[in-house]
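**Student:** Can you keep this structure in mind? I'll have questions shortly.
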Amino acid sequence: MLDTIRTEYLLGAEAVGRLRRAHVALFGLGGVGGAVLEALVRAGIGALTLVDGDDVAPSNLNRQIITTTANIGIPKTEAAAARVAEISPDCLVRTVNAFYLPGDADELGIDFGTFDYVADCIDTVSAKLDIIIRSTAAGVPVISAMGAGNKLHPELFELADIYSTSVCPLARVMRRELKAHGIKKLNVVYSREEARPYAVRPEPEGERGRIPPGSVSFVPPAAGYIMAGKIIRDIAG
């Protein structure tokens, strides 16, 4: 069983009990999502639903906490579940090895009403909107990560309402889409840093020729820990 005594010193036994009884859904297990996972597990969250359709890749080693040279090639959900088991064996983990897209919830057996909190750490705007809309309809708190790529200053991340954000292009798109869907507020973590130009231009990836963002070890996890802090404080009360 996870030893939470140091957390109890800070939050109290009742708060730790609330964390132990909580069920959090985490969409995306990359640089941001992996750090969210790490903090939730070590804080004593009792149950997790982890959703990601990607496999661990060598390019993840520079920033993704669940990635090691030993688990290259396996599903990220599998790598994440193994890490959780090594830290907090009593934590109940359900893995959904799929790229979440709008309308997938029923097919994947994801019932948003069963969660105490939802963390959105994926990149696709349409999927982010679906997660936020479904969480809001179910009355479940949700927090969303904005862009963390091509940044060099973790101190410029902020926790804010989406309608108070600036600079971040993803936040700009999300503000417009959320307003169109009648979503009046949303907690997000975003950066006030302008995206940096590429020092080395990457080769396009995938069928769509996507240009991957640059990243460094200390930036995406910083956003994830800010997100996790909000979740943990809210659940702990």
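The values are calculated or read from the model by the stated rules, or taken from the named source; none is laboratory data. The shown structure was predicted, so the numbers you read here are calculated from the model rather than taken from an experiment. Backbone-built Cβ (ideal geometry, glycine too); neighbour counts: all protein chains shown. The accessibility values were calculated without ligands, DNA or RNA, using every heavy atom of the protein model including side chains. Shrake-Rupley method; radii C 1.70, N 1.55, O 1.52, S 1.80 Å.
Each row is one residue, and each column tells you yes or no for (1) open to solvent by 20 Å² or more (accessible area, probe 1.4 Å); (2) within 19 Å of Thr114 (Cβ to Cβ).
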site: Glu14; (1), (2): yes, no
site: Arg20; (1), (2): yes, yes
site: Leu26; (1), (2): no, yes
site: Leu48; (1), (2): no, yes
site: Asp55; (1), (2): yes, no
site: Ser59; (1), (2): yes, no
site: Ala85; (1), (2): yes, no
site: Cys91; (1), (2): no, yes
site: Arg94; (1), (2): yes, yes
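**Student:** Please work out which residue is nearest to Leu11 (Cα to Cα), limiting yourself to region 215-235 and to residues that are open to solvent by 30 Å² or more (accessible area, probe 1.4 Å) and assigned to a loop (DSSP other than H, G, I, E, B).
**Tutor:** Result: Phe218.
**Student:** Here's another thing I want to ask about it. Of all residues in region 55-66, which are in contact with a helix residue (DSSP H, G or I) (Cβ under 8 Å, 6 or more places away or on another chain) and assigned to a loop (DSSP other than H, G, I, E, B)?
**Tutor:** Val56, Arg63, Gln64, Ile65, Ile66
**Student:** If you scan region 107-140, which residues turn out to be open to solvent by less than 40 Å² (accessible area, probe 1.4 Å), of a type in the set (D, E, K, R) and touching a residue at least 60 places away in the same chain (Cβ under 8 Å)?
**Tutor:** Within region 107-140, just Asp120 meets the criteria.
**Student:** Suppose we filter region 180-191 for residues that are closer than 13 Å to Lys128 by Cβ and in a loop (DSSP other than H, G, I, E, B); how many remain?
**Tutor:** 3
**Student:** Can you tell me which residue within region 1-32, out of those that are part of a helix (DSSP H, G or I) and among the acidic types (Asp, Glu), is farthest from Ala236 (Cα to Cα)?
**Tutor:** Within region 1-32, the match that is farthest from Ala236 (Cα to Cα) is Glu8.
**Student:** Tell me, which residue of region 199-237 that is more than 26 Å from Thr68 (Cα to Cα) and not hydrophobic (A, V, I, L, M, F, W, C) is modelled with the lowest pLDDT?
**Tutor:** Glu207
**Student:** Same structure, new question: Given the condition more than 16 Å from the chain's Cα centre (by Cα) and farther than 22 Å from Pro220 by Cβ, answer yes or no: does some residue in region 78-85 qualify?
**Tutor:** yes
**Student:** Does region 38-54 contain any residue that is among the hydroxyl-bearing types (Ser, Thr, Tyr) and over 15 Å from the mean Cα position of the chain (by Cα)?
**Tutor:** no
**Student:** Could you check how many residues of region 145-199 are surrounded by 15 or more Cβ atoms within 10 Å (Cβ to Cβ), small (Gly, Ala, Ser) and touching a strand residue (DSSP E or B) at 6+ places or on another chain (Cβ under 9 Å)?
**Tutor:** Result for region 145-199: 6.
**Student:** Could you please find all residues in region 61-83 being open to solvent by less than 50 Å² (accessible area, probe 1.4 Å) and basic (Lys, Arg)?
**Tutor:** Within region 61-83, just Lys76 meets the criteria.
**Student:** Still on this structure, please answer the following. Looking at (1) out of contact with any Gly (no Cβ under 9 Å at 6 or more places or on another chain); (2) closer than 24 Å to Gly44 by Cα; (3) of a type outside the set (Ser, Thr, Tyr), which is the only condition Leu108 fails?
**Tutor:** Of the numbered conditions (1) out of contact with any Gly (no Cβ under 9 Å at 6 or more places or on another chain); (2) closer than 24 Å to Gly44 by Cα; (3) of a type outside the set (Ser, Thr, Tyr), the odd one out for Leu108 is (2).
**Student:** Return only the number of the condition from (1) more than 30 Å from Ala47 (Cα to Cα); (2) open to solvent by less than 20 Å² (accessible area, probe 1.4 Å) that Pro202 does not satisfy.
**Tutor:** Just one mismatch for Pro202, condition (2).
**Student:** With the condition kept exactly as written, say whether any residue in region 143-166 is over 26 Å from His23 (Cβ atoms) and either of a type in the set (Asp, Glu) or at pLDDT below 95 (or both).
**Tutor:** Yes, region 143-166 contains at least one residue that is over 26 Å from His23 (Cβ atoms) and either of a type in the set (Asp, Glu) or at pLDDT below 95 (or both).
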